[in-house]
């Protein structure tokens, strides 16, 4: 375990379904991120939350909707996805912007393997 | 925004061979540099990092990387690989509090 827990590990959903991905960390981090990992592409940053506030939306389609109720939890709500959205979705956490402690990089979860059919 | 380039996406080599993976980035400001590794079916793990000081950084499992500021490079090396080093390796650059990744290098070590 990395300290960042993602559920479910695998998800198969139809294009008309609504589902949510969950990410949880208890590392004392205040920044949380969603990344998309597709084959043969760099890891794509989707959303950034810093102290529960969304600070970055990297031109992500509205069918992906993030939610960060507190610094330890992050959700990604999915609806009316397309087959090309099939990918590994990774959650990460780090010390937040403005935190004076030294940033030792990001801690990643194991990811949710999403297949849209 | 910063960008990261990794070349030779697929690398195949024999055990005991030396490995070097190139990483170049573009960002004009101060950066923190990382190499992550993803073993088959596992999560991304931090291999090593550079923040400041000695540009030659030692990481886990015998890996090292050298930051050459003038070349905007942070190449990863291991003198003698093992079969267990088969994995995907990602270079990442954190500039302006935003972590950007390269496309990764798929490394296969043949016993």
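Annotations for the structure displayed:
- For chain B, radius of gyration divided by Kirkwood radius, i.e. Rg to Rh on alpha-carbons: 0.95
- Here's the picture: a label point sits 7 Å out from the Cα of residue B:84 along the beta-carbon direction, and within the stretch B:36-64 the residues with their amide nitrogen under 17 Å of it are B:37-43, B:45-48, B:59-64.
- Placing a pseudo-label 7 Å from each Cα along the Cα-to-Cβ vector at residue B:52 and residue B:20 gives an inter-label distance of 2.9 nm.
- Surface/4 of the Cα convex hull for the stretch A:1-74, nm²: 5.8 nm²
- Normalised contact order of chain B, rounded percent, pairs of Cα under 8 Å and 6 or more residues apart: 39 percent
- When you count the other C-beta atoms within 10 angstrom of each residue and take the mean per peptide, A:107-113, A:6-12 line up highest first as A:107-113, A:6-12.
- Kirkwood Rh, Cα atoms: Rg over Rh of the stretch A:41-85: 0.98
- Principal axis dimensions, largest first and in whole angstrom, of the stretch A:24-117 by Cα: 44, 25, 22
- Legend: mean number of C-beta atoms from other chains within 10 angstrom of residue C-beta atoms, peptide B:40-51, equals 4.
- Values of log10 I(q)/I(0), in the order q = 0.08, 0.09, 0.12, 0.15 Å⁻¹, for the protein assembly as shown under a Debye, Cα-only, solvent-free model: -0.29, -0.37, -0.66, -1.01
Laboratory data are not the source of any read-out in this text; all were calculated from the coordinates shown. Source: prediction; values computed, not measured. When we count neighbours, we look across all protein chains shown, and the Cβ atoms used for this are built from the backbone with ideal geometry, even at glycine.
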